[in-house]
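Trainee: Got a structure for you, written out below as structure tokens; questions coming shortly.
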Amino acid sequence: MHMETQATPDLLKGRARDIEDAARVLTGGGLVAFPTETVYGLGADARNDKAVARVFEAKGRPQFNPLIVHVLDLTAAGVLGMFSDTALTLARKFWPGALTLVVSRTPDCAASRLVSAGLDSIALRVPAHPLARALLEAAGCPVAAPSANRSGQISPTTPEHVRASLAGRVDYLLEGGACGIGLESTIVSCLGPQLQILRPGGIAREDIETVAGPVELRSDAGAAPVAPGQSQSHYAPRARLRLNARDVQPGEALLAFGSQVPECEGICLNLSRDGDPVEAAANLFAHLHELDNCGAEIIAVMTVPEEGLGAAINDRLKRAAAPRS
Ligand code: TXA
Ligand code: MG
């Protein structure tokens, strides 16, 4: 699977202009669908909260699950995530390629918190596809990209699939024919003492075990999390959340939404003064983290309407408010 050694100049021939245009859309905060060796990705500048929020909007995802961030090489990956020796071994062996590594975010990680769905970890991948690489190089930023399909539909492996699924929801489609692998990347978590496959994919477990020793296949690999607020794959603030708040009690912090905000003596952060769900999604995890760190025991949360990304925002707020032991 050493695609970098394959000669692929044809795919880039005459495409300099397209790549430049796509890169400009990305750095301008737009969405670009682009080919990778696994499936087409729906890309956004991973540092841009608003652009990342628009990815969720375009996909129509009812929930915020964390996204894979694509970078050009291990050096760029090392700026965003912290690599253990085993993670380094895997990266050196399989990158560029169909392997995604989940590692801890670096303290000054520039990726949006929405990319990690509020978690302290980040999923990183170095793609091998020449067009994906050319795009990353031209844009000069990490690119968050889930598969370029509407939520609940199958992953796209041709530009036609992308068009059929996301027509009118993407700012630019960088065409690159059919994807070679046609199956998503294998996701390996390097967070615990034992490597875990979170999602089987383009790189076989056996190949990973050859270089890294035994790997656990998480029993729910690929499945949805079990109970709201319980799964460790979900961000849970230390403070308690009081939902649908219409007022603020003494000592509480406030997570506000919209222009009509109740009086608050403590810290108040507004998800979106204009009541814009995309802006609210962009701010959600950053605001929660900030309020959680300000020392309040309880965060009062105003009601967010269920429209558009509001559903995903409410799903996450409900999980964060669920009782935990
Ligand atoms: O082949 C691929 O991986 C494609 C191409 C575009 O690179 N991308 C892709 O992304 O399949 P997506 O968003 O459909 O899948 C991302 C998966 C999700 O299941 C998510 O739960 C997991 O990656 N993931 C991302 N960040 C994570 C994290 N910090 N911890 C645990 N799982 C994470
Ligand atoms: Mg997908």
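The values are calculated or read from the model by the stated rules, or taken from the named source; none is laboratory data. As the structure is a computational prediction, the values presented were derived from the model and not from experiment. Here Cβ is always computed from backbone atoms with ideal geometry, including for glycine, and neighbour counts include all displayed protein chains. Remember, those area values only see protein heavy atoms, side chains included, never the ligands or the DNA or RNA. Shrake-Rupley method; radii C 1.70, N 1.55, O 1.52, S 1.80 Å.
Trainee: I'd like the isolated cysteines in the chain, meaning no second cysteine's beta-carbon lies under 4.7 angstrom from theirs.
Mentor: Cys109, Cys141, Cys179, Cys190, Cys294
Trainee: With a 1.4 Å probe and every protein chain left in place, work out the accessible area per residue of the chain in Å², rounded to a whole number.
Mentor: Here the residues of the chain average 45 Å² of exposed surface.
Trainee: Moving on to the next point. Starting from the Cα of Lys13, draw a straight line to each of the lysines and keep only those under 30 Å, dropping any in the same chain fewer than 8 residues away.
Mentor: Here the lysines satisfying the reach criterion relative to Lys13 are Lys93.
Trainee: Test of understanding: what is the full-extension gain from Asn244 to Gln260, defined as 0.36 nm times their sequence separation minus their Cα-Cα distance?
Mentor: Taking Asn244 through Gln260 to full extension adds about 4.4 nm, to one decimal.
Trainee: Would you mind calculating the relative contact order of the chain from Cα pairs under 8 angstrom and at least 6 residues apart, reporting the percent as a whole number?
Mentor: 21
Trainee: Something else: Which of rounded, prolate or oblate describes region 128-217 when judged by the alpha-carbon gyration tensor and an a/c cut-off of 1.5?
Mentor: Since a/c reaches 1.5 and a/b is larger than b/c, the shape of region 128-217 is classed as prolate.
Trainee: Which log10 I(q)/I(0) values, to two decimals, does region 1-104 give at q = 0.16, 0.21, 0.24, 0.25 Å⁻¹ under the Debye formula with one point per Cα?
Mentor: -0.89, -1.31, -1.39, -1.41
Trainee: Okay, helix-only estimate at 222 nm for the chain: each DSSP H run of n ≥ 4 adds -39500 (n - 2.57), divide by all residues, round to 500 deg cm²/dmol; what do you get?
Mentor: -9000 deg cm²/dmol
Trainee: Ignoring ligands, DNA and RNA, please state the percent of accessible area on the chain from carbon and sulfur, probe 1.4 Å. Spell out each step's value before the answer.
Mentor: On the way: 7210 of 14660 Å².
Exposed carbon and sulfur together represent 49 percent of the surface.
Trainee: At a Förster radius of 25 Å, what calculated FRET efficiency corresponds to the Cβ-Cβ distance of Glu307 and Gln153, to the nearest 0.05? Please report the intermediate quantities before stating the final value.
Mentor: On the way: r = 22 Å, r/R0 = 0.86.
With a Förster radius of 25 Å, E is 0.70.
Trainee: Mean-square fluctuation check for the chain, GNM, Cα pairs under 10 Å: which of Arg92, Arg133, Arg24 is largest?
Mentor: Arg92
Trainee: Extension gain Lys318-Ala110, at 0.36 nm per residue separation less the Cα-Cα distance, in nm?
Mentor: 72.2 nm
Trainee: Still on this model: Taking a cut-off of 30 Å between Cα atoms, list the lysines near Lys59, but don't count ones fewer than 8 places away on the same chain.
Mentor: Lys50, Lys318
Trainee: Starting from the 7 Å offset along Cα-to-Cβ, what nm value, one decimal, do you get for the label separation of Arg273 and Ala286?
Mentor: Roughly 1.5 nm, to one decimal.
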